[in-house]
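**Student:** Input: one structure, supplied below.
The values are calculated or read from the model by the stated rules, or taken from the named source; none is laboratory data. Quick caveat, the model's predicted, so the values are computed rather than measured. We place every Cβ from the backbone using ideal geometry, glycine too, and count neighbours over all the protein chains shown.
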Amino acid sequence: MKGYVHSIETFGTVDGPGTRYVVFMQGCPMRCKYCHNPDTWIPNTGKQKSAEEILDDCERYKAFWGKDGGLTVTGGEPLLQIDFITELFEKARERGYHTCLDTSGIIFNENNPALMEKFDRLMKSVCLVLLDIKHIDAEEHKKLTTHSNEQILAFARYLDKKNIDVWIRHVVVPGITFNEEYLTKLGEFLGTLNNIKALDVLPYHTMGVVKYENLGYDYPLKGVEALTTEQGHEAREIIRAAYHRVKDAK
C-alpha cells in the first residue's frame, strides 16, 4: 500500500514531544480560513510512498530523537488515508517508534460501523493525538471551516474513552476565536475529558498569505492582523481557568 505524501520534515520540534520525523499527508476536506498549507488540500496528489520507504528513511534520523522523539503524521488531514496511516503506525510500533497523529478528527463517524472498526484498529498503534479543535461553537465552526464540529467533539470523547493521550491545539484568531465566551466554552468542554496532557494555543499569523497568492487563491482573512503574544497568553489563561473550574467542581 502507498500513501499520498505532500512533504517530509526530518527534524520537527513543534509536532509532538522531542524531535520528530514529520510526514505531511496530502488531502483535506476542510477549508479553514486561516489555513497556511492550502497546497495540501487536493487529495490523491503528491508523492506516493510506502510505509517501508518512510520508515527506512526514519532510521537515518532515529539517533537524533532522544528518549522523547518519534514519528508524527500530519497533513492536510491524515485520516483521509486511514488505511495507510494504520499500516504505517503498526509497522512503526514494531520498530519501537513513538507515534503521534496530528488531526482534526473530521472524518470520525460513530454511526459508521465499518469506519469505527478502522478507528479502533488505528488507535492500538497511536501513542499520542494532537487534536486540532478549530472552533467550539458549531455554527461558527461551519463559517470558519465549511464543516460542523459535531464529529470532531465526538472524536475527542472517543479518545477519552480509549485513554489515548491528547494534546489540544487551538488557533486563536482576532475577531473569530479570540473571544472570551468561546474560549471559556472550549475550556469547559476540555474539562469534561480526562486524557488532556497539554494545551497548545497557536496565535494566528499571516505567513500563509504568500502561498495563497502563488496558488492563485483569494486569502479569506485578508486584513486580519496577527494575534499578539500578549493576546495569546490571555487566551490560554481563559481556557485554562475554565478547564480547572470544571475539574475542581467534580
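**Student:** Within region 198-223, how many residues turn out to be crowded, with 16+ Cβ neighbours inside 10 Å and either in a strand (DSSP E or B) or of a type in the set (A, V, I, L, M) (or both)?
**Tutor:** 5
**Student:** Test L131 against the criterion of being under 21 Å from N111 (Cα atoms), without any contact (Cβ under 8 Å) to a residue 60 or more places away in the chain, touching a Lys or Arg at 6+ places or on another chain (Cβ under 8 Å) and surrounded by 19 or more Cβ atoms within 10 Å (Cβ to Cβ), and give yes or no.
**Tutor:** When the stated conditions are applied, L131 passes them.
**Student:** All but one of (1) within 23 Å of G16 (Cβ to Cβ); (2) in a helix (DSSP H, G or I) hold for V246, so report the exception by its number.
**Tutor:** (1)
**Student:** When you check I152 against the structure, is it among the hydrophobic types (A, V, I, L, M, F, W, C), in contact with a strand residue (DSSP E or B) (Cβ under 7 Å, 6 or more places away or on another chain) and within 22 Å of C100 (Cα to Cα), yes or no?
**Tutor:** No.
**Student:** Suppose we filter V73, V126 for residues that are under 17 Å from I8 (Cα atoms), out of contact with any Gly (no Cβ under 8 Å at 6 or more places or on another chain) and β-branched (V, I, T); which single one remains?
**Tutor:** Of V73, V126, the one residue that is under 17 Å from I8 (Cα atoms), out of contact with any Gly (no Cβ under 8 Å at 6 or more places or on another chain) and β-branched (V, I, T) is V73.
**Student:** Out of the residues in region 30-53 that are surrounded by fewer than 16 Cβ atoms within 10 Å (Cβ to Cβ) and not β-branched (V, I, T), which is farthest from G208 (Cα to Cα)?
**Tutor:** E52
**Student:** Which ones in region 59-99 are among the small types (G, A, S) and touching a helix residue (DSSP H, G or I) at 6+ places or on another chain (Cβ under 7 Å)?
**Tutor:** Correct list: G75, G76, A92.
Listed here are the residues, each with its yes/no results for (1) touching a helix residue (DSSP H, G or I) at 6+ places or on another chain (Cβ under 7 Å); (2) without any contact (Cβ under 8 Å) to a residue 24 or more places away in the chain; (3) at positive phi.
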position	(1), (2), (3)
F155	no, no, no
E181	no, yes, no
L186	yes, no, no
L190	yes, no, no
A198	no, no, no
L202	no, no, no
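**Student:** So for region 95-110 (the condition being outside any loop (DSSP other than H, G, I, E, B) and either surrounded by fewer than 19 Cβ atoms within 10 Å (Cβ to Cβ) or among the basic types (K, R) (or both)), does at least one residue qualify?
**Tutor:** no
**Student:** Taking the condition of being modelled with pLDDT of 95 or more and over 17 Å from the mean Cα position of the chain (by Cα), how many residues in region 63-83 meet it?
**Tutor:** Qualifying residue count for the region: 2.
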